[in-house]
1. Looking at (1) crowded, with 20+ Cβ neighbours inside 10 Å; (2) touching a strand residue (DSSP E or B) at 6+ places or on another chain (Cβ under 7 Å), which is the one condition that is false for D84?
2. Being assigned to a loop (DSSP other than H, G, I, E, B), over 16 Å from the mean Cα position of the chain (by Cα), away from ligand 2 (no atom under 16 Å from the Cβ) and surrounded by fewer than 18 Cβ atoms within 10 Å (Cβ to Cβ): is that true of K136 here?
3. So, of the residues in the stretch 143-153 that are touching a residue at least 40 places away in the same chain (Cβ under 8 Å) and within 17 Å of L211 (Cβ to Cβ), which turns out to be nearest to ligand 2 (Cβ to nearest atom)?
4. Given S187, S156, which one is surrounded by fewer than 18 Cβ atoms within 10 Å (Cβ to Cβ) and either polar (S, T, N, Q) or touching a Lys or Arg at 6+ places or on another chain (Cβ under 6 Å) (or both)?
5. What do you reckon, is N17 in a helix (DSSP H, G or I) and within 25 Å of G138 (Cβ to Cβ)?
6. R202 is checked against (1) in a strand (DSSP E or B); (2) away from ligand 2 (no atom under 16 Å from the Cβ) and fails just one. What number does that condition carry?
7. Looking only at the stretch 193-201, decide whether some residue is within 16 Å of ligand 1 (Cβ to nearest atom), outside the structural domain of L82 (by the TED database) and more than 23 Å from Y64 (Cα to Cα).
8. Regarding S156, is this residue more than 10 Å from ligand 2 (Cβ to nearest atom) and among the hydroxyl-bearing types (S, T, Y)?
Amino acid sequence: MVDRLANTEANERRITNVESCFGASGQPLLVPGRVLVGEGVLTKLCRKKPKPRQFFLFNDILVYGNIVINKKKYNKQHIIPLEDIKLQSLDDDGNLKNGWQIISAKKSFAVYAATRTEKAEWMAHINKCIQDLLAKTGKKGTTEHAAVWVPDSEASTCMHCFKSKFTALNRRHHCRKCGGVVCGNCSTKKFLLPAQSSKPLRVCDNCYNVLSSGKTQSDQESKKKTAPTPPRKAEKEGDETSSGEENSDDDEAPSENPASSEYQVPTTPTFYQGNQVPAKGEADSGYAEPNSNKV
Ligand SMILES: [Zn+2]
Ligand SMILES: [Zn+2]
């Protein structure tokens, strides 16, 4: 059991070290009962392209951040409660191999490990932690999940009207409900998606129609109000026209430390003793992966 590690000095030291790597940009992480289960670099598929991110798996949260200096300094910390997380394995697709989706209520995205074995390890450890946490707290995993955003590069035209071509002026927008890339004309409306934000978020016309048909609203509400949020003109949306949509995601930070270019190959993850996962990776034991000769 991971609990065995909870009060050990080694665990406390590791967590304190993670805290200090994030410095003032991070939240305090050392809380009673928390265990650092594992850590490593994964490639996160961001809006524009895949980027290395440092991940820390605790027994109750998943933390990740940008790498400023490997093993020394991280920033842009994100914390996702494990009870919100669901994993979904991805098939290999061209250069994108050994991946899976991390799906949560607020934010969902794809990550990729260096080898198939590492993928199996990560997924097994994360899933084990989720199971243990839900068993311990008696909570149920959340059923509402944010859509994984379709990367910009996968849509040269609007996925709703199939006509509008994206250019420097005709910008891409992401529907917060389905994750599709759509043009401004096809996403003039917003809808309240409470799991993601307290403010109404941009949705595509398809999703708006489905959402506003009342299926997700209580009957009384939808009878009184046919349109939960009134249509807005795209050009008036100050939150998206200036630094807006592009920067609403962590991934569009203007510049990362040039040193981060050193980390093109994700480093082997470390999992600390205690989190016994079923030997799912066994299928991989005879797997000869050309690049996994590090260990
Ligand atoms: Zn369109
Ligand atoms: Zn949509």
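1. Only one criterion in (1) crowded, with 20+ Cβ neighbours inside 10 Å; (2) touching a strand residue (DSSP E or B) at 6+ places or on another chain (Cβ under 7 Å) is unmet by D84, namely (2).
2. No, not satisfied.
3. A146
4. Residue meeting the stated conditions: S156.
5. Criteria not met by N17.
6. For R202, the exception is condition (2).
7. No, the stretch 193-201 has no match at all.
8. yes
The values are calculated or read from the model by the stated rules, or taken from the named source; none is laboratory data. Please read all numbers here as calculations on a predicted model, not as lab measurements. Note: ideal-geometry Cβ built from the backbone for every residue, glycine included; neighbour counts use all protein chains shown.
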